[in-house]
1. Pairs of Cα atoms under 8 Å, at least six residues apart: use those to get the relative contact order of region 296-419, whole percent.
2. With every protein chain kept in place and ligands, DNA and RNA left out, what is the accessible area per residue of the chain? Probe 1.4 Å, answer in Å².
3. Inverting the mean 1/r over all pairs of different Cα atoms, compute the Kirkwood radius of the chain and quote it in Å.
4. Give me the percent of the accessible area of the chain that comes from carbon and sulfur atoms, probe 1.4 Å, all protein chains in place.
5. Which trypsin sites (Lys or Arg not before Pro) from region 242-290 combine a DSSP loop assignment with at most 15 other Cβ atoms within 10 Å?
Amino acid sequence: MREARGNGPTGMDLIIRNIRLADAGLADPVDIGVEGGRIVAIERGLTADADVYEGEGRLACAGLVETHIHLDKSRIIDRFPPPDEREFSPVKQVAPAKPSWTVEDVRERAARTLERCILNGATRMRTQVEVDPGIGLRGFDAIQSLIADYRWAIDIEMCVFPQEGLISYPGTDALLVRALRRGARVIGGAPRYDTDPRGQLRRIFELAREFDADIDLHLDVGNTPDEMLIPFVCELTERMGRQGRVVVGHMTKLALLPPAEVRQIGRRLSDLGIAVTVLPATELYLMGRDRDHAVRRGVADVHLLLGEGVNCSISTNNVLNPATPYGDCSLIRMANLHANLLQVGQARQLRQCFEMLTERSARLLRLGDYGLAAGNPADVVVIDANTPEQAIAEIAAPVAAFKRGRRTVIRQPPELVRP
């Protein structure tokens, strides 16, 4: 559809009309004007000789941000069906098969998961990629090719990390260095799988400082709060000057602490700029398997952390693999699950859930050009809801997405066919 030129900046090539901004409540809808892939105006009544998308008063944001997902290990549940016993290790179950995985195999599975993420409104992503002598850099190569091929719809960065140990797995260190030299800008860790957890963390921080990389750790997962490593991570962050550049994911042990202790940890994290990512589906599936009744949920109450100034995100983690044998790549559904688990229902808390998929996640990834604002890339996702609270409460679906001003997703809301 084209319109005659009128109000607004000249030269616009797209107008996204009648959308509601997340921070505007039920105020009158506005229009977003786009030129050359960037937002040039946000105001009412824009007209131009431009393509027009009619938002019909729906909610819009700059896209959902996936901060922690394992594309390389997604969609393998058909190869590793869930065992009958309650307690098992998904990492140990999968490790023997990794040497047989090819670049093509990883790429094909990851691409299917990535496309589902895009269809569900993701426009930015950080994906965890395993690097060790078993898989080598084949997973890295597969994801690197997807970054280039899907840039039309989503921006992706890789976090390379040693899933099966670093100190205890000879050859892993050299592969991590190679991946960092080849452009990985984030390094992670999984110290619970290492014979020397603190040694692994020290080495991860050393590499991050050497390559000026951000850090994103799998940390403090377990069924008891014993031997938490977050104090040591705080110490390393301060000593090595990585404030504002460290993320800790999972943190299930926080769910086992009284609120006062969680808040105390939160104040320390806030002081150091350490962010937290929670992964509700995986925690709910894996935690508490040492019990056959009164099973622990294992999802940290990040709303307590938000109250202490900690930045937090909600993310997917695994999709259709032994650690999480289901998933549709919907971050909005994940936030709804989180809200149910934490028994949060106030409008303020539901809005926080939406923020942990959008601007808080963008801040976690240190994205300086995220948001619906003039000058930013025209990344816009329209959601079939009026407010962020409604989107989370009703698991509202995205109905359209634009990446740098180009339409990337078409989804028609279902309609009743009345007699």
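The values are calculated or read from the model by the stated rules, or taken from the named source; none is laboratory data. All figures in this text were calculated on a predicted structure; none of them were measured in a lab. Every residue, glycine as well, gets a Cβ built from its backbone with ideal geometry; the counts of neighbours run over all protein chains shown. In case anyone asks, the SASA skips ligands and DNA or RNA and just uses the protein heavy atoms, side chains included. Shrake-Rupley method; radii C 1.70, N 1.55, O 1.52, S 1.80 Å.
1. Relative contact order, region 296-419: 20 percent.
2. 40 Å²
3. 22.1 Å
4. Here carbon and sulfur together make up 48 percent of the probe-accessible area.
5. Numbers: sites: R242, R245, K253, R263, R267, R268, R289; in loops: R242, R245, R289.
Answer in residue order: R289.
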